[in-house]
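Only one structure is covered here, and it is reproduced in the block below.
Readers should treat all values here as calculations from the given coordinates under stated rules, not as data from a laboratory. Small disclaimer: the values here were computed from a predicted structure and weren't measured. So basically every Cβ, Gly included, is an ideal-geometry build from the backbone, and we count neighbours across all protein chains shown.
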Amino acid sequence: MTDTTTNNGLTINIVNIIWSFDISTDKVLILLVKNSIGSNIGKWGLPTTMLRDNENAEEASLRLINEKIGIKLPNFYTEQLATFSNVNRTATNREIALSYMTYLPYMPELTAGYGAQEVAWFRVDYDKDCFLLKYHDLIFKTLSDEISDKDFYDHLEKYSNDKYLSSDHALILRKAFQRVTNRLNYLPTILLILGDDFTLKEAREVYSTFWKQPYQTIDNSNFRKTHTHLFVEIGTEHGKSGRPAKLYKLRETLDPK
């Protein structure tokens with residue numbers, strides 16, 4: 001069982017974007033790790049591992065979650081995002097990254113595993129031309145929409161500062177946010193972070209993050225008209241004061257689990 005490095009020095013890495021949701025703050029979350037090994041030691045970035053010669057990429061994605069943060073996931077949803085193969089990704093050996101997105105329907109406690117000094121849930125916020133990841137006094141930016149992939153890789157050293165994550169992870173995250181945002185009106189798998197069921201208010205809170213607006217500005221009646229064809233009503237919420245809210249889940253034809 002060895003890590004995969006080809007004869008010409010090419011390394012294949014798995015990079016995982018792990019989404020979750022904090023019900024106490026109604027915030028979308030992304031998991032980041034502070035690296036303890038490799039060229040990015042001491043820098044925050046997305047969980048990453050080398051593909052081994054006895055596993056496929058999806059298996060490596062699962063192993064990565066277990067090794068880096070100590071979580072074994074019997075039930076989860078993961079999907080491939082994109083392949084990043086620019087020759088300027090790293091300054092040393094040639095590396096290709098296969099990126100995956102995983103949706104966690106709960107916010108588990110974290111334990112730093114192999115290769116990680118620290119792991120933390122960063123809450124997602126937004127600015128005009130990018131998204132922000134915040135944890136205590138740390139703030140990282142995704143790559144601005146105004147910067148092309150080519151310009152980013154051609155001037156990678158310019159983006160190697162405390163505002164950005166390690167390697168090209170700011171660009172990978174931009175791609176992840178674009179994927180989620182572009183599919184909100186027909187394949188909102190991001191709602192899997194809410195668990196087996198959710199209210200329309202909770203769905204609006206998730207949507208508002210990617211639409212970059214307060215959830216209160218998303219009219220509930222209009223949202224019901226335009227988006228409930230994507231959901232199935234399964235009951236009502238119990239145990240809370242006031243009028244019970246209806247509960248929904250993603251239609252099975254939309255949920256690829």
Task: Inter-site label distance for Glu233 and Asp154 at 7 Å from Cα along Cβ, in nm - done: 5.5 nm
Open item on the list: If you scale each eigenvalue of the Cα gyration tensor by 5 and take the root, what three semi-axes come out for the stretch 112-232, rounded to whole angstrom and sorted largest first?
Closed with: 30, 17, 13
- [ ] Hydropathy first: keep DSSP H helices in the chain averaging at least -0.5 on Kyte-Doolittle, then drop any whose Cα extent along the axis falls short of 15 Å, and list what survives.
- [x] 57-69, 169-182
Open item on the list: Treating the stretch 10-67 as a set of equal point scatterers at the Cα positions, no solvent, please give the Debye-formula log₁₀ I(q)/I(0) at q = 0.24, 0.29 Å⁻¹.
Closed with: -1.01, -1.18
Open item on the list: Cα atoms only: what Rg and Dmax, in Å, come out for the stretch 160-227?
Closed with: 14.4, 45
Task: Dimensionless Rg ratio for the chain, taking C-alpha atoms and the 2.2 N^0.38 Å reference - done: 1.04
TODO: Taking every pair of alpha-carbon atoms in the stretch 196-250, give the share separated by more than 18 Å as a whole percent.
DONE: 32 percent
Open item on the list: Assuming 0.36 nm per residue, please report the length gained on full extension of the stretch Asp22 to Leu10 beyond their Cα-Cα distance.
Closed with: 0.5 nm
Task: Amide H contacts under 5 Å for Ile18, placed H, 5+ residues apart - done: Leu31, Thr102
TODO: Work out from phi, with θ = phi - 60° and the Karplus expression 6.51 cos²θ - 1.76 cosθ + 1.60, the ³J(HN,Hα) of each residue of the stretch 183-199, listed in order in whole Hz, and give x for Gly and Pro.
DONE: 9, 4, 8, 9, 8, x, 5, 4, 5, 4, 5, 8, x, 5, 8, 7, 8
Open item on the list: Give me, ordered by chain and number, the residues 5 or more places off Leu143 or on other chains with an amide H under 5 Å from its own placed amide H.
Closed with: Leu171, Arg174
Task: Under 5 Å, built H, 5+ apart or other chain: amide partners of Asn13 - done: Leu51, Ile96, Ala97, Leu98
- [ ] Please tell me which of these pairs span more than 24 angstrom C-alpha to C-alpha: Lys72/Lys240; Lys175/Lys225; Lys34/Lys134?
- [x] Lys72/Lys240; Lys175/Lys225
Open item on the list: Give me a comma-separated list of calculated 3J(HN,Hα) values for the stretch 42-55, in order, Karplus coefficients 6.51, -1.76, 1.60 applied at θ = phi - 60°, integers in Hz, x for any Gly or Pro.
Closed with: x, 9, 7, x, 6, x, 9, 8, 7, 5, 8, 6, 10, 9
Open item on the list: So for the stretch 54-181, averaging the separation of alpha carbon pairs under 8 Å that are six or more residues apart and normalising by length, what relative contact order in percent results?
Closed with: 20 percent
Task: Leu138-Asp196 pseudo-label distance in nm [points 7 Å out on the Cα-to-Cβ vector] - done: 3.4 nm
Open item on the list: Using the basic label-point model (7 angstrom from Cα toward the beta carbon), what is the Arg224 to Asn93 distance in nanometres?
Closed with: 5.7 nm
Open item on the list: To check you understand DSSP bridge types, tell me what percent of the beta bridges within the chain (both residues inside) are antiparallel, rounded to 5.
Closed with: 80 percent
